[in-house]
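Presented below is the structure to which this report refers.
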Amino acid sequence: MLSVVNEDGTTQSGSLMDDIVREGARRMLAAALEAEVNQYIAELAGERDEAGRRLVVRNGHHRERTVTTAAGPIAVKAPRVNDKRVDGETGERKRFSSKILAPWCRKSPKISEVLPLLYLHGLSSGDFVPAMEQFLGSAAGLSPATVTRLTKQWSDDHSAFQDRDLSGSDYVWADGVHPKVRLGQARSCVLVLMGVRTDGSKELIALAEGLRESTESWADLLRDCRRRGMRDPELVVGDGAMGLWRALAEVFPQARHQRCLVHKTRNVVNALPKSAQPGAKKALQEIYNAEDRDHAEKAVKDFGRACGAKWPKAVTKITDDVDELLAFYDFPAEHWVHLRTTNPIESTFSTVKLRTKVTRGAGSPAAALAMVFKLAGSAQARWRAITAPHLVALVRNGARFEHGVLIERE
């Protein structure tokens, strides 16, 4: 192979030494593939059909592909084998598989599996080709049209997810998130329901577009969940959005309510002067980190006595919602840390928001929802199961807990 060498010893494709190494590696790999195929055909030379013709013969070469080696990317044309033998058990045609190229094949996962990871790291469709070319060793099959076809599968997966059967969850977190993607209306958001399976693992229950977290939007989503078999949860954790609580009272009237203490703390602190905020935060921590419900109620009274005269509005935010703020104390103590806040949704969708901030215009509203669903699905594999998962079944069966401890039935 001839190359134009510059005065500094480099060529148009890099240094001359690199070109020599890559060319040598290409020739060695090609020779090894030829030897592998020749040996395979020689070993099966005795395999013939009824007319005496060989069943395993050479059949030209495959299309050129690029593999990434230590010497750099190398273009390879692997020999093709025409194997007409049939497996006696399965009835399928046997195929020749190169053991030499197998390591590079294993390094190349399906593009559809890699796309969600690229989205999570902020890549847009125009960035796929340069990013994946280095990873897979080739840009073949990575055109924007191919990426669009693959993302259509996301919509199909989302549709199947929205129609699946729901047996219900004892604990449910609910929240409305506002990713920077194009939804159906200007003030739309994504309504999210996350729950706990009987084995203690967390799952994404439902995800749908809603208008400003309104009662009607939440009620539509909850009715759909009930239609698909979801029963009244034991406890629903959410922020202060009134639309959620009104919809729950209508669709799942038996479910108890737990206000997110992180959101409540922010609301209380915002009603206080800056000088009083550090002391108020400490007093609120005494409430939701108390030993049990009795101590938490005492901490609420202490907070009221300390701040009620000067800042009655801030105190009212706590005293008016005591039952909803302390509901988690009636469940297993091992579960308290999970039930006090909507953090499972907040932490998951912080990554989704980071990604969608890059994407912004994600096409149609359906495509935007499908992308958010796929991102949440990618994050779901990393969700930590609830502590003491064996207690979830007891909660489902109506077991009573006092001070976080199971009360044995007579």
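Descriptive notes on the structure:
- When nucleic acids and ligands are ignored and a 1.4 Å probe is applied, Ser275 ends up with an accessible area of around 110 Å².
- A 1.4 Å probe, protein heavy atoms only, puts the accessible area of Glu209 near 60 Å².
- For Lys298, the solvent-accessible surface computed with a 1.4 Å probe is close to 120 Å², ligands and nucleic acids excluded.
- Each Lys or Arg adds one and each Asp or Glu subtracts one; over the other residues with Cβ under 11 Å from the Cβ of Asp49, this totals +3.
- Taking each of Lys264/Lys298; Lys202/Lys301; Lys274/Lys301; Lys264/Lys310 in turn, the alpha-carbon distance tops 30 angstrom for Lys202/Lys301.
- For the pair Arg63 and Asp323 in one chain, pulling the backbone fully straight at 0.36 nm per residue adds 86.7 nm over the alpha carbon distance.
- Here the simple spin-label model places points 7 Å from the Cα toward Cβ, and for Asp163 and Ala249 these points are separated by 3.6 nm.
- Segment 269-327: relative contact order in percent, alpha carbon pairs under 8 Å with at least 6 residues between: 31 percent
The values are calculated or read from the model by the stated rules, or taken from the named source; none is laboratory data. Predicted model, so just to flag it, every value in this text is computed and none were measured. Every residue, glycine among them, receives a Cβ derived from its backbone with ideal geometry; neighbour counts consider all protein chains shown. The accessibility values were calculated without ligands, DNA or RNA, using every heavy atom of the protein model including side chains. Shrake-Rupley method; radii C 1.70, N 1.55, O 1.52, S 1.80 Å.
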